[in-house]
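The values are calculated or read from the model by the stated rules, or taken from the named source; none is laboratory data. Just so it is clear, the model here is predicted, and its values are computed rather than measured. Neighbour counts run over all protein chains shown; Cβ positions are idealised from the backbone, glycine included.
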Amino acid sequence: MTHLPDSVADLSDDDLLAAYTDGAEGAADGGWLRVNFVSSLDGSATAAGKSGSLGGPDDLRVFDLLRRVADVVLVAAGTVRDEGYGPMLLHDVDVAWRREHGLSDHPVFAIVTGSLGLDPASRVFTEAPVRPLVLTATSADPERRRALEVVADVVSCGADTVDPVLVRTTLVERGLERVHCEGGPSFLGALVAADLVDELCLSIDPSLEGGAGGRIVRGSSPGLRSMCLAHVLRGAGDVLLTRYVRAR
């Protein structure tokens, strides 16, 4: 006998939002930090070099819904470059939902970079509906900092390297409590090591990549971080959409 999880196709957007926000609204003053990743069955975070090659339409549907409810979308600069990010613009239906729920039209786009290796002329900045936030280190190149300060708020979160604890503190102090992080692996490793991850939304693509791609996380951690399964849903093409919350 085959036992399959509930299908995403049978759920409305409101149903999905309820499933993905259950428990998160009760976060303490420290906010709620969700990370969202996709991987192949054999643990690769990419196919043909990009995560966008994995997941399928239901993964993208959930991806958009998670952005819909976020105060801020947090991404490391390497992922912004590798995945070809543009400005943080939501779809019209998401904007309408946010207005109905008293939120700004679009979440803030926050980019983490120790080196400030970002192009101020990028569409990420020039077409941004909300002034982006760049989180960096005090030691970053002052010339690059001045150039980016024209198009973004640049904030130091550490002396020589970016401290993930200060990143989270900075966001919460700005009223950006619902943090939605989209990568990359090294930054997720830093978040895990600092014990800052409240939730992991992991989509599992039913494919075998073969071993060339990296994992969703890189780095070392002093110990295991136990998570509790909140749900498993089945997307088109047998993609599994899982949600885990931190056991505290």
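Rundown of residues vs (1) over 30 Å from A9 (Cβ atoms); (2) in contact with a Pro (Cβ under 8 Å, 6 or more places away or on another chain); (3) buried (at least 19 other Cβ atoms within 10 Å of the Cβ), yes/no style:
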residue: V162; (1), (2), (3): yes, no, yes
residue: G213; (1), (2), (3): no, no, yes
residue: T242; (1), (2), (3): no, no, no
residue: A247; (1), (2), (3): yes, no, no
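Just need a number here: residues in segment 165-207 that are part of a loop (DSSP other than H, G, I, E, B), within 20 Å of M227 (Cα to Cα) and of a type in the set (S, T, Y).
Total meeting the criteria: 0.
Within segment 216-228, can one find any residue that is loosely packed, with under 14 Cβ neighbours inside 10 Å and assigned to a strand (DSSP E or B)?
yes
Condition first: of a type in the set (A, V, I, L, M, F, W, C), crowded, with 22+ Cβ neighbours inside 10 Å and assigned to a helix (DSSP H, G or I). Now tell me which residues in segment 43-65 satisfy that.
V62, the sole residue that qualifies.
Part of a loop (DSSP other than H, G, I, E, B), under 14 Å from I111 (Cβ atoms) and at pLDDT 95 or above: does that describe R144?
In short, no.
For every residue, the table says whether it meets (1) in a loop (DSSP other than H, G, I, E, B); (2) of a type in the set (A, V, I, L, M); (3) buried (at least 22 other Cβ atoms within 10 Å of the Cβ); (4) in contact (Cβ under 8 Å) with a residue 40 or more places away in the chain.
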{"position": "V73", "(1), (2), (3), (4)": "no, yes, yes, yes"}
{"position": "R81", "(1), (2), (3), (4)": "no, no, no, no"}
{"position": "Y85", "(1), (2), (3), (4)": "yes, no, no, no"}
{"position": "D105", "(1), (2), (3), (4)": "yes, no, no, no"}
{"position": "F125", "(1), (2), (3), (4)": "no, no, no, no"}
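Quickly run through segment 192-246 and pick out the residues that are of a type in the set (D, E) and out of contact with any strand residue (DSSP E or B) (no Cβ under 8 Å at 6 or more places or on another chain).
Matches in segment 192-246: D195, D238.
Please determine whether any residue of segment 164-178 is crowded, with 20+ Cβ neighbours inside 10 Å, in contact (Cβ under 8 Å) with a residue 12 or more places away in the chain, basic (K, R) and under 30 Å from E127 (Cβ atoms).
So far as segment 164-178 goes, yes, one or more of its residues are crowded, with 20+ Cβ neighbours inside 10 Å, in contact (Cβ under 8 Å) with a residue 12 or more places away in the chain, basic (K, R) and under 30 Å from E127 (Cβ atoms).
With the structure loaded, tell me whether A194 is at pLDDT 90 or above and surrounded by fewer than 17 Cβ atoms within 10 Å (Cβ to Cβ) or whether it fails that test.
Yes: the conditions hold for A194.
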